[in-house]
Amino acid sequence: MANHVDAIVIGAGFSGIYMTYKLREEGFTVKTLEKAAGVGGVWFLARYPGARCDSDSIYYNYIFSEELYKKWSWSSRFAAQDEILSYLNFVADELDVKKEMQFNKEVKSAIWDEDQTKWLVTTAQGEVFTATYLISGVGCLSTSSIPNFQGRESFKGESYHTGNWPHTPVDLKGKRVGVIGTGSSGVQSIPVIAEEAKEVYVFQRTPQYSVPTRNRQFTEEEIAQFKEAFLDAREIMLNSPSGLPIPRSTRSVVDTPEEERIVILEDAWEKGGMILNNAFYDIVIDPKSNELVSEFLRGKIREKVKKSDVVEHLLPYYYYSTKRPILDTNYHDTYNQDHVTLVNLRQQPIECITENGIQTTEKEYPLDIIVFATGYDAMTGTLLKLDIRGHNGVSLQEKWEKGAKVETYLGLGLAGFPNFFTITGPQSPSVLTNVPTAIEQHVEWISDCLNYLREHNVKTIEPTVEAEIQWSKQCTEIANGTLFTKTESWYTGSNIDGKSRDFLIYLNGLDNYRQLCNEVAEHGYKGYQLQYEEIKA
Ligand code: NA7
């Protein structure tokens, strides 16, 4: 059949690029369908001012190939969106995978054909493809969310979501810009927007902790050193909880004497990046430990913000790091500028959007541009947008939305959905690690699995319901032993109206997760049911 392949991969971001390459190299036929016009996934879309990675760039890349690693040189410590997009194009060209990819092809539905044991995949453009295996590389932060503000359509100015920023430059010069949201995207974009705009109004619901990015250009000597140290760094990354070359910390905040603790925190603050977040093991476990770090960070905000009537509104009181930790460049300092106004939505909630701007319960803020930095329908949002149907035509929506809760096995597979795999799926550790390292683990596990199926004449594979329940229970129990579940965030689904509250991330680290996945494979795919081909005599 002309349009039949062994595997269809959905998405051409970090996941899709490597999955496509890996399967092709293993001798499978593969087609990758991407709704955007090019590779990059979320890095193709999230082009907002100041968009930057918050993992150190030298680790925010593929590490499966030393040769590939050494061919690319990052310009700075934390790469900006355009450089990451260039990197992903470089990799896709080096691996020559674009020929397996079709762009501007939005997958609309994927239906399991029981009789023919294959997936029927239909695009928005009306094409139908079939595949033995379906692999999702759609990402876990790829469906942007704009809350249902009344009157949004009536706004006469321009409006953009940070996660879906136009490819043509947005002219901010001389404009009155309102930014709703102070997560990573808001915190990264607000200082850059303030450099150009005439007036900036930040509509803040929850103040944020933030640690300096301390971005800087690399020297040639440094780049040479990184490349020299690659193999050693990779070894640690593959065995660390975060996928970064940072071993598991054994230090408790509360048990570290105050003087020593302050030295560690100040040192981490000066070095910037995710060092502080990884300096102790119990920041998100012990409320007392958390408060010590939180208060340290509140102290930094008090030092930075000079306006006494503004600073009190910028002090966060949720458990630090239970929302995604934020790195910034001059975020809090931006509020010292006279053309930047903080609007505290806890005191004056947004009533509606008018044709002129944003109306809070206190006043109307006239604006030329509204930036929605309001985040994503994370973990499940993009998967649920696709009409994926497994056995008996049962859809993922029915399985997850109408069921009591979202359940997966290892974040890699779903009971009732044969030959379907999810890269960075819900209940995997990916989004709380260095994502490319987590993606490599998933891709390699899936590829090994497909090889096993081929070698053992297995027709279909899918998790058992018991394995799925067990895994989901384990993820929930681990999360309940932390402070993460005590905070409203996209981690818990609370940022989306009507979404069920689940903590959909495996929190015991990429190192433990890797081991568990290996054990599953070593035991003949324990927790899965396998249906074998009938061997003709
Ligand atoms: P986030 O981290 O989900 O931040 C969204 C922000 O938008 C956050 O400050 C929210 O406040 C705010 N928000 C959401 N809904 C509303 C409403 N209805 N009214 C006012 N404010 C609202 O998304 P980002 O894009 O910044 O970051 C997502 C991830 O992408 C990030 O972690 C990186 O991994 C990359 P809240 O805190 O909920 O009160």
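The values are calculated or read from the model by the stated rules, or taken from the named source; none is laboratory data. Keep in mind that what you see is a predicted model, and the values were worked out from it rather than measured. Glycine also receives a Cβ, built like all others from the backbone with ideal geometry; neighbour counts cover every protein chain displayed.
For first residues located in segment 315-336 and within 12 Å of PHE484 (Cα to Cα), partners that are of a type in the set (Asp, Glu) and lie 6+ apart or on another chain with Cβ distances below 7 Å do not occur. Reported count of residues in segment 347-369, each being part of a strand (DSSP E or B) and either within 11 Å of the ligand (Cβ to nearest atom) or under 19 Å from ASP497 (Cβ atoms) (or both), is 6.
I'd like to check something: does segment 137-150 contain any residue that is away from the ligand (no atom under 16 Å from the Cβ) and in contact (Cβ under 8 Å) with a residue 40 or more places away in the chain?
yes
Being more than 16 Å from the ligand (Cβ to nearest atom) and among the small types (Gly, Ala, Ser) is the filter here; which residues of segment 171-198 pass it? Those that are more than 16 Å from the ligand (Cβ to nearest atom) and among the small types (Gly, Ala, Ser): GLY174, ALA194, ALA197. For segment 288-311, state whether one or more residues are of a type in the set (Phe, Trp, Tyr) and surrounded by fewer than 21 Cβ atoms within 10 Å (Cβ to Cβ). Within segment 288-311, one or more residues are of a type in the set (Phe, Trp, Tyr) and surrounded by fewer than 21 Cβ atoms within 10 Å (Cβ to Cβ). Among the residues making up segment 199-212, those that are surrounded by fewer than 24 Cβ atoms within 10 Å (Cβ to Cβ), under 25 Å from GLU364 (Cβ atoms) and either away from the ligand (no atom under 12 Å from the Cβ) or not assigned by TED's automatic domain parsing to the domain that holds VAL310 (or both) are GLU199, TYR201. The listed residues are VAL97, VAL138, VAL128, and the only one of them that is among the β-branched types (Val, Ile, Thr) and in contact with a Gly (Cβ under 7 Å, 6 or more places away or on another chain) turns out to be VAL138. Filtering segment 392-431 to residues that are among the polar types (S, T, N, Q) and either within 20 Å of SER142 (Cα to Cα) or surrounded by 22 or more Cβ atoms within 10 Å (Cβ to Cβ) (or both) leaves GLN397, THR408, ASN419, THR422, THR424, GLN427, SER428, SER430.
Out of curiosity, is VAL187 assigned to a helix (DSSP H, G or I) and closer than 17 Å to ALA46 by Cβ? So VAL187 passes the test. For ALA467, indicate whether it is part of a helix (DSSP H, G or I), over 29 Å from ALA124 (Cα atoms) and in contact with a Ser or Thr (Cβ under 9 Å, 6 or more places away or on another chain). Taking the combined requirement at face value, the residue does not satisfy it.
Table: residues versus (1) in the same structural domain as GLY243 (by TED's automatic domain parsing); (2) more than 26 Å from LEU244 (Cβ to Cβ); (3) under 27 Å from the mean Cα position of the chain (by Cα).
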residue: VAL263; (1), (2), (3): yes, no, no
residue: GLY272; (1), (2), (3): yes, no, yes
residue: ASN278; (1), (2), (3): yes, no, yes
residue: ASP309; (1), (2), (3): yes, yes, no
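The residue that is nearest to the chain's Cα centre (by Cα), counting only those in segment 1-29 that are among the aliphatic types (A, V, I, L, M) and over 21 Å from SER142 (Cβ atoms), is LEU23.
Within the option set THR485, THR437, THR476, being buried (at least 21 other Cβ atoms within 10 Å of the Cβ) and outside the structural domain of SER240 (by TED's automatic domain parsing) holds for one residue only, THR437.
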